[in-house]
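Input: a single structure, listed below in structure tokens.
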Amino acid sequence: MAIPAESFFLDRDGEGTLQHRIKRMMVEGILSGRFRPGERMPSSRALARHLGVSRITVTIAYTDLVADDYLVAQGRSGYYVSEGAPAAPSFELPRDHGDSTLDWARLIGPRAHRPSRIDRPVDWQGYAYPFIYGQTDPKLFDHQNWRLCALQAVSQREFDALTSDHYERDDPKLVEYIVRQILPRRGIRAGPENVLVTMGAQNALWLCAQLLLTQRRTAVIENPGYPGLRDILRQTRCHVRPVTVDDGGLPPEALGAGVDVVFVTPSHHCPTNVTMPLERRRALLARAAEQGFVVVEDDYEFELSFDRSTSPALKSLDGAGCVIYVGSFSKSLFPGLRLGYVVAPVAFVQEARALRSTVLRHPPGLIQRTAAYFLSLGHYDAQINRMRKTYQRRRQTMEAALEEAGLSGATRAGAGGSCFWMEAPAGVDTADLARRLRDKGVVIEPGHAFFAPETPDWRHFRLAYSSIPSARIRRGVQLIADAMADAAARAAVA
């Protein structure tokens, strides 16, 4: 007897194409043991009629399952569950494993600190006014060419690059593009031996911290600054010295003595977006050469400057070899890519490569090769150009909207980036403001996570324009202004 067509239920709201959902439905039935080897599947005509789909859709699903040995075709008799199909476990699975009886609080060694989370909803795409930073606007991303590059990366010609264990080595095509195209734009001359590909800038900063810092060493960080870096440094148990930034970024004269590593974001300070002046860059490098400390330069978002002539990277001015340069494609392409790189002297790169190999060997070859094609074929530069023009228009729209709404607390920043750093009136808690705004469909990012715990600040917040259409900016800004005025009035009464 054939398995009745009524045994199948197709989730109309499921993910993927109809064909994929039908295949998944059949595979789940086989893997769960409901459909056993030798049983005959419903005819393609009967199943298509029951599911309300075309017969060819069912036939293609059957054919694919035959290729994967879930089904076998027996001429005019139809399709049967294959004898070689993966079988359900022969033993009964427990319903609930229950809680562990071990004392995990005692067994776990050094505890990983819970990361400082920037308060943003997971479902931010469902909000009408998402002033959220670092996410990808699907209207600006080149889906078609990324897909073509991914297909090229999985082609038979690229089988070795796709499937081999490259141990600690990186994709030579990607490294070559970084050396020949990306770095020269920042005035940096380097060879392949100076480059290490990482799982995003976060991984790069972790490698730097692990190799350069100990419990006896001191790291300087910007305040406010990138929360993820503070979490990384906390794990090294080093001495952390927050230095307050001003309109020119990190002031070198405020570093103090006994410094081992300085972490800095000179091109677009995180989160204020200010740019470090050239004179200050030279002063920082002179101090590094004199005192013998390392500067870790996180050059995120350098591509998104609206000026034709951008400030030179610290690494390009480094005559003493004090700077480790960190770059990333996660902001310019998409955050889920998790692809970055480190540029440093050979001695550091060798140690970083060895450390990386003990944790993850190398970033996935498929991702590296896909990115290499996307970059080398010109799609990356075209996308950056498209993003830059769109962001510039959105920034102009937001500047006008902020002025119209009377929100004057924006930090004066250089021309570029994708966000504004804002300050609310005295007494306004921006974390509470953010929660109230979500009820109105508005997402902002309260800024307290960017500040050192010793100097808490609840008045600042970040407004990004990378993920919100220009047509919605004015209305969203006005809603923020109204909510802030209400919060300021309540604070005054209190």
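What pairs can you find where one residue is in segment 55-66 and over 17 Å from S82 (Cα atoms), the other is surrounded by fewer than 16 Cβ atoms within 10 Å (Cβ to Cβ), and their Cβ atoms are less than 8 Å apart, with a gap of 6+ or different chains?
R55/R45
Would you point out which residue out of A320, A347, A371 is in contact with a Leu (Cβ under 9 Å, 6 or more places away or on another chain), more than 20 Å from S155 (Cβ to Cβ) and not basic (K, R)?
Result: A320 is the single residue among A320, A347, A371 that is in contact with a Leu (Cβ under 9 Å, 6 or more places away or on another chain), more than 20 Å from S155 (Cβ to Cβ) and not basic (K, R).
Would you mind stating whether A426 is touching a residue at least 12 places away in the same chain (Cβ under 8 Å) and farther than 20 Å from G228 by Cα?
yes
Take segment 427-443 and flag every residue that is acidic (D, E) and in a helix (DSSP H, G or I).
D432 - this is the single residue of segment 427-443 that is acidic (D, E) and in a helix (DSSP H, G or I).
Considering only residues that are surrounded by 16 or more Cβ atoms within 10 Å (Cβ to Cβ) and more than 42 Å from the chain's Cα centre (by Cα), look in segment 48-77 and name the one that is farthest from H20 (Cα to Cα).
Looking at the filtered set, the residue picked out is V72.
Do we find a residue being within 24 Å of the chain's Cα centre (by Cα), surrounded by 14 or more Cβ atoms within 10 Å (Cβ to Cβ), in a helix (DSSP H, G or I) and of a type in the set (S, T, N, Q) anywhere in segment 411-420?
Among the residues of segment 411-420, not one is within 24 Å of the chain's Cα centre (by Cα), surrounded by 14 or more Cβ atoms within 10 Å (Cβ to Cβ), in a helix (DSSP H, G or I) and of a type in the set (S, T, N, Q), which makes the answer no.
For the subset of segment 238-272 comprising residues that are without any contact (Cβ under 8 Å) to a residue 60 or more places away in the chain and among the charged types (D, E, K, R), which member is nearest to A209 (Cα to Cα)?
Only one residue fits best here, namely D260.
Of the conditions (1) within 25 Å of E253 (Cα to Cα); (2) surrounded by fewer than 17 Cβ atoms within 10 Å (Cβ to Cβ); (3) touching a residue at least 60 places away in the same chain (Cβ under 8 Å), L205 fails just one. Which one is it?
Checking L205 against (1) within 25 Å of E253 (Cα to Cα); (2) surrounded by fewer than 17 Cβ atoms within 10 Å (Cβ to Cβ); (3) touching a residue at least 60 places away in the same chain (Cβ under 8 Å), the one that fails is (2).
Go through (1) in contact with a strand residue (DSSP E or B) (Cβ under 6 Å, 6 or more places away or on another chain); (2) over 30 Å from R282 (Cβ atoms); (3) in a helix (DSSP H, G or I) one by one and return the number of the condition V349 breaks.
(2)
Specify which of the listed residues (F293, F306, F334) is farther than 28 Å from P138 by Cα, of a type in the set (F, W, Y) and either touching an Asp or Glu at 6+ places or on another chain (Cβ under 6 Å) or surrounded by fewer than 21 Cβ atoms within 10 Å (Cβ to Cβ) (or both).
Selected residue: F293, the only one of F293, F306, F334 that is farther than 28 Å from P138 by Cα, of a type in the set (F, W, Y) and either touching an Asp or Glu at 6+ places or on another chain (Cβ under 6 Å) or surrounded by fewer than 21 Cβ atoms within 10 Å (Cβ to Cβ) (or both).
With the requirement that a residue be under 18 Å from P121 (Cα atoms) and surrounded by 14 or more Cβ atoms within 10 Å (Cβ to Cβ), what does segment 439-456 give you?
K440, G441, V442, V443, I444, E445, P446, G447, H448, A449, F450
I want to confirm something. Restricting to segment 5-43 and keeping residues that are part of a helix (DSSP H, G or I) and of a type in the set (A, V, I, L, M, F, W, C), which single residue is farthest from G84 (Cα to Cα)?
Filtering segment 5-43 for residues that are part of a helix (DSSP H, G or I) and of a type in the set (A, V, I, L, M, F, W, C), the one farthest from G84 (Cα to Cα) comes out as L18.
How many residues are farther than 27 Å from R395 by Cβ and either in the same structural domain as F420 (by TED's automatic domain parsing) or part of a strand (DSSP E or B) (or both) if we restrict to segment 272-330?
Of the residues in segment 272-330, 5 are farther than 27 Å from R395 by Cβ and either in the same structural domain as F420 (by TED's automatic domain parsing) or part of a strand (DSSP E or B) (or both).
Take segment 444-465 and flag every residue that is in a helix (DSSP H, G or I) and among the small types (G, A, S).
The answer is A449, and nothing else.
Looking only at segment 193-227, count every residue that is in a strand (DSSP E or B), closer than 23 Å to S330 by Cα and hydroxyl-bearing (S, T, Y) and tell me the total.
Within segment 193-227, residues that are in a strand (DSSP E or B), closer than 23 Å to S330 by Cα and hydroxyl-bearing (S, T, Y) number 1.
Taking segment 241-262, which residues are buried (at least 19 other Cβ atoms within 10 Å of the Cβ) and among the aliphatic types (A, V, I, L, M)?
V243, V245, L250, L255, V259, V261, V262
Report every pair of residues separated by at least 6 positions or lying on different chains whose Cβ atoms are under 6 Å apart, first residue within segment 4-18 and more than 17 Å from A48 (Cβ to Cβ), second in a helix (DSSP H, G or I) and at pLDDT 85 or above.
These pairs meet every condition: G14/R21.
Across segment 261-271, what is the total count of residues that are part of a loop (DSSP other than H, G, I, E, B) and in contact with a Leu (Cβ under 7 Å, 6 or more places away or on another chain)?
Residues flagged as part of a loop (DSSP other than H, G, I, E, B) and in contact with a Leu (Cβ under 7 Å, 6 or more places away or on another chain) within segment 261-271 amount to 1.
Taking segment 244-260 as the search range and keeping residues that are in a loop (DSSP other than H, G, I, E, B) and of a type in the set (A, V, I, L, M), which one is farthest from the chain's Cα centre (by Cα)?
Restricting to residues being in a loop (DSSP other than H, G, I, E, B) and of a type in the set (A, V, I, L, M), the top hit is A257.
Within segment 222-240, can you find the residues that are in contact with a strand residue (DSSP E or B) (Cβ under 7 Å, 6 or more places away or on another chain) and either surrounded by fewer than 23 Cβ atoms within 10 Å (Cβ to Cβ) or of a type in the set (G, A, S) (or both)?
Of everything in segment 222-240, those that are in contact with a strand residue (DSSP E or B) (Cβ under 7 Å, 6 or more places away or on another chain) and either surrounded by fewer than 23 Cβ atoms within 10 Å (Cβ to Cβ) or of a type in the set (G, A, S) (or both) turn out to be N223, L233, C238, H239, V240.
Taking the options V326, V359, V342, name whichever one is more than 23 Å from Y133 (Cα to Cα) and buried (at least 21 other Cβ atoms within 10 Å of the Cβ).
None of the others qualify; the one that does is V342.
Is it the case that some residue within segment 382-396 is of a type in the set (S, T, N, Q), assigned to a helix (DSSP H, G or I) and free of Cβ contacts under 8 Å to residues at least 60 places away in the same chain?
Checked segment 382-396: at least one residue is of a type in the set (S, T, N, Q), assigned to a helix (DSSP H, G or I) and free of Cβ contacts under 8 Å to residues at least 60 places away in the same chain.
Go through segment 190-238 and count every residue that is acidic (D, E) and over 20 Å from the mean Cα position of the chain (by Cα).
So the count comes out to 2.
Take the residues in segment 138-167 that are at pLDDT 85 or above and assigned to a loop (DSSP other than H, G, I, E, B); name whichever of them is farthest from the chain's Cα centre (by Cα).
Once the filter is applied, the top-ranked residue is S155.
When you check L93 against the structure, is it surrounded by 12 or more Cβ atoms within 10 Å (Cβ to Cβ), in a loop (DSSP other than H, G, I, E, B) and modelled with pLDDT under 90, yes or no?
When the stated conditions are applied, L93 does not pass them.
The values are calculated or read from the model by the stated rules, or taken from the named source; none is laboratory data. Just so it is clear, the model here is predicted, and its values are computed rather than measured. Here Cβ is always computed from backbone atoms with ideal geometry, including for glycine, and neighbour counts include all displayed protein chains.
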